[in-house]
Amino acid sequence: MMTLPAEIDVQAFDALHDQPERWHGVVASIAAGFSSAPVTPAAGGTVLVGLVGAELVVKLFPPFLRDHFEFERELLDRLHGRLSLPTPRRVAGGERDGWPYHVMTQLPGRTLDTVWPALDEATKCSVLQHLGRTSAEVHALPVGSMAALAPAWPAFLQRQRERCHVRQQRTGLPAHLLAQLEAFLAGPVPVGPEVILTGEYTPFNLLFDGQGLTGMFDFGDGLVGPREYDWLGPLCFLAAGHAARIDAFFAGYGQAFDRTRRGELLRLLLLHRYSHLPAQIAVPGWQQSSTFAALAAQIWP
């Protein structure tokens, strides 16, 4: 069984992540303290994850993501049992060779991205309404100690602004929109009261069983900031330019969607931690929008 390196950079970790035969033994040895079930490496994700039978999950973080580990540890305890959508229960935690880990319960269902295209429109609207309700429940929780575990929102936003042009160029923002980027970003962004942001509500971190949502997981990249940041996942990946789906989400959230603020949302999308518009905007032909205002109206009609 390998010894995990005390220091590792992002490139070396990515190489390790993509070779589960190298780290499977480490995760299995952690899991053995809690279950005799076999461990299966989970595909995707940003950390090392092993599914322990159908009951538990081991999630192992590289040292440079210790802040993600600490945020998720606190949020798992904060959310479990308090929402209309189940979240994992943290069973235990610890360190292996300086790498922190969680052991948590495994939720049933398939990830929503694998089934979403085949769902009928009524079911899609029902899912979005449930997501709206769930996000409102999270946003109603007191921030408390979570604030100390997240970067200060103004500083986070400033860093994103500084990197935005390079990121959007690298990720394929059309040239005619890239030329308008600096002027567009000078406009306002949401500045509402700060809430707990899970960073999720995307189809890759939601579970579905054929009837409805069965769970939500993966909170390491959460933040504390304006609630609108959490709206971006469902409104881009799932609503996908359908007005009825947008309205279903906000019906669940408990308010109407103010379409006069679409520009603010689009600026926030451009400044998102993982902003990558070609992967996030599920609206055919969006690249042909002549201006950011036209693009915002296309994404959120």
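Computed from the coordinates by the stated procedures, all read-outs in this text should not be read as laboratory data. The model shown is predicted, which means the values in this text are computed figures rather than measured ones. Ideal geometry is used to build each Cβ from the backbone, glycine not excepted, and the neighbour counts take in all protein chains shown.
Here are a few things to note about the model shown:
- The alpha-carbon atoms of the range 164-301 define a convex hull whose volume equals 118 cubic angstrom per residue.
- 3J(HN,Hα) along the range 104-120: 9, 6, 9, 8, x, x, 9, 4, 4, 4, 6, 10, 3, x, 8, 6, 6 Hz, from the Karplus curve 6.51 cos²θ - 1.76 cosθ + 1.60 with θ = phi - 60°, whole Hz, x for Gly and Pro.
- Once the Cα atoms are used to define both axes, helix 243-253 deviates from the longest principal axis of the chain by about 60 degrees.
- Global form of the range 1-90, assessed from the alpha-carbon gyration tensor, a/c cut-off 1.5: oblate
- When the chain is treated as a GNM with alpha-carbon contacts under 10 Å, the residue of LEU131, LEU157, LEU271 showing the greatest mean-square fluctuation is LEU157.
- Relative to the dominant Cα principal axis of the chain, helix 20-31 is inclined by about 70°.
- The magnitude of the dipole of the range 10-105, with charges of +1 and -1 set on the Cβ of Lys/Arg and Asp/Glu and taken from the Cα centre, is near 280 debye.
- Exposure proxy order (Cβ contacts within 10 Å, fewest to most) of LYS124, LYS59: LYS124, LYS59
- Student exercise, the chain dipole from Lys, Arg, Asp, Glu Cβ charges, in Debye to nearest 20: 480
- Normalised by residue count, the chain yields a Cα convex hull volume of 135 Å³ per residue.
- Residue exposure sequence - VAL58, VAL10 - by fewest surrounding Cβ within 10 Å: VAL10, VAL58
- Principal-axis tilt of helix 121-139 within the chain, Cα atoms, nearest 10 degrees: 70
- With θ taken as phi - 60° and the Karplus curve 6.51 cos²θ - 1.76 cosθ + 1.60 applied, the whole-hertz 3J(HN,Hα) list for the range 204-220 is 7, 10, 10, 10, 9, 10, x, 10, x, 6, 10, x, 9, 8, 6, 10, x Hz, x standing for glycine and proline.
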